[in-house]
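The values are calculated or read from the model by the stated rules, or taken from the named source; none is laboratory data. Keep in mind it's a predicted model, so treat the numbers as computed, not measured. Note: ideal-geometry Cβ built from the backbone for every residue, glycine included; neighbour counts use all protein chains shown. To get the accessible areas, we keep the full protein, side chains included, count just its heavy atoms, and leave off ligands, DNA and RNA. Shrake-Rupley method; radii C 1.70, N 1.55, O 1.52, S 1.80 Å.
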Amino acid sequence: MNKSWMIAGAALLLAGVGGAWGWHAYTHPDLDAPAPVPMDVLDKEGKLLGHHLPPSADEIAGLPNAEQVMLGRRLLNETARLLPDNVGNGLNCNSCHMANGREPLRNHYLNTGGNYPRYMPRPGKEIDLTERINGCFMRSMNGKKLPVDSPEMQGMLAYMHWLGDGMPKGSKVAGRTEGPIDTSLVPDPVRGEQIYARSARPATATTAKA
Ligand code: HEC
């Protein structure tokens, strides 16, 4: 074969591989939240203990309890669809705990696994993490509790523990769960109605039922 044919062949092969890769990325977009940044880890007095890089979903497959963590992650993402008997308002946990609970100012779960049981003022007693999760099922999802030893509850616990894996007990990442509230804003039901009408999604099977 002459040299120019070989070069043309190699170029075609490269274009083919490149094209297939591009097509794969197009048809299989990465739905994971953006890559996290290392966060300061502080003890109870606010002393810097080190840094924590929230783990990426790519790492789940290598865990000894990979299936449990993956189940928890899916349930937090698709709560209304996968647990219709427990969700009364069509929401997912990720509707309020965004980006899979891994980012500051988005109601993250990075400090959650290592900080329960803890005292909560509303019930006036110490509660464990299953009670806290069920609190969100009851109040935030207008739904029903999950049985404590169900695979679904255990999966959610496993996911939250994995997010804070390696952080010392009782320590916290410095990132806040939510931003400050602008108290100068005056509630306005007319504007609220307009914004709701603009952004509300059409009712799904789950929301229609609720
Ligand atoms: C309508 C919004 C909303 C939904 C939906 C929601 N939550 Fe929450 N959740 C909150 C708010 C607000 C807090 C309190 C945040 C705080 O105290 O800083 C919270 C707190 C929590 C906490 C305590 C975190 C901590 O570190 O102490 C956990 C755990 C939790 N939610 C789990 C869930 C799970 C699991 C679901 C889905 C079954 C869910 N939430 C659905 C709004 C929501």
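Quick check on region 66-73. Is at least one of its residues modelled with pLDDT of 95 or more, closer than 22 Å to MET160 by Cα and among the charged types (D, E, K, R)? Checked against the condition, which is being modelled with pLDDT of 95 or more, closer than 22 Å to MET160 by Cα and among the charged types (D, E, K, R), region 66-73 yields at least one hit.
Every residue, every condition in (1) within 14 Å of the ligand (Cβ to nearest atom); (2) within 30 Å of LEU63 (Cα to Cα); (3) in a helix (DSSP H, G or I); (4) touching an Asp or Glu at 6+ places or on another chain (Cβ under 7 Å), yes or no:
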{"position": "THR130", "(1), (2), (3), (4)": "yes, yes, yes, no"}
{"position": "ASN134", "(1), (2), (3), (4)": "yes, yes, yes, no"}
{"position": "MET138", "(1), (2), (3), (4)": "yes, no, yes, no"}
{"position": "LYS145", "(1), (2), (3), (4)": "yes, yes, no, no"}
{"position": "MET153", "(1), (2), (3), (4)": "yes, yes, yes, no"}
{"position": "LEU157", "(1), (2), (3), (4)": "yes, yes, yes, no"}
{"position": "TRP162", "(1), (2), (3), (4)": "yes, yes, yes, no"}
{"position": "ARG176", "(1), (2), (3), (4)": "yes, yes, no, no"}
{"position": "ARG191", "(1), (2), (3), (4)": "no, no, yes, no"}
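Residues are listed down the side, and each one gets a yes or a no for (1) open to solvent by 20 Å² or more (accessible area, probe 1.4 Å); (2) closer than 21 Å to PRO55 by Cα:
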residue	(1), (2)
ASN89	yes, no
ASN94	yes, yes
HIS97	yes, yes
GLU103	yes, yes
ASN107	yes, yes
PRO117	yes, no
PRO121	yes, no
GLU126	yes, no
ASN134	no, no
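Every condition in (1) open to solvent by 50 Å² or more (accessible area, probe 1.4 Å); (2) near the ligand (Cβ under 8 Å from one of its atoms) holds for ASP85 except the one numbered (2).
Among residues of region 95-109 that are hydrophobic (A, V, I, L, M, F, W, C), those with a Cβ under 7 angstrom from a residue that is open to solvent by less than 60 Å² (accessible area, probe 1.4 Å) and near the ligand (Cβ under 8 Å from one of its atoms), sequence gap 6+ or separate chain, pair up as CYS96/ASN107; CYS96/SER140; MET98/ASN107.
For region 110-142, a residue qualifies if it is in contact (Cβ under 8 Å) with a residue 60 or more places away in the chain and farther than 19 Å from ARG73 by Cα, and exactly one does: ASN142.
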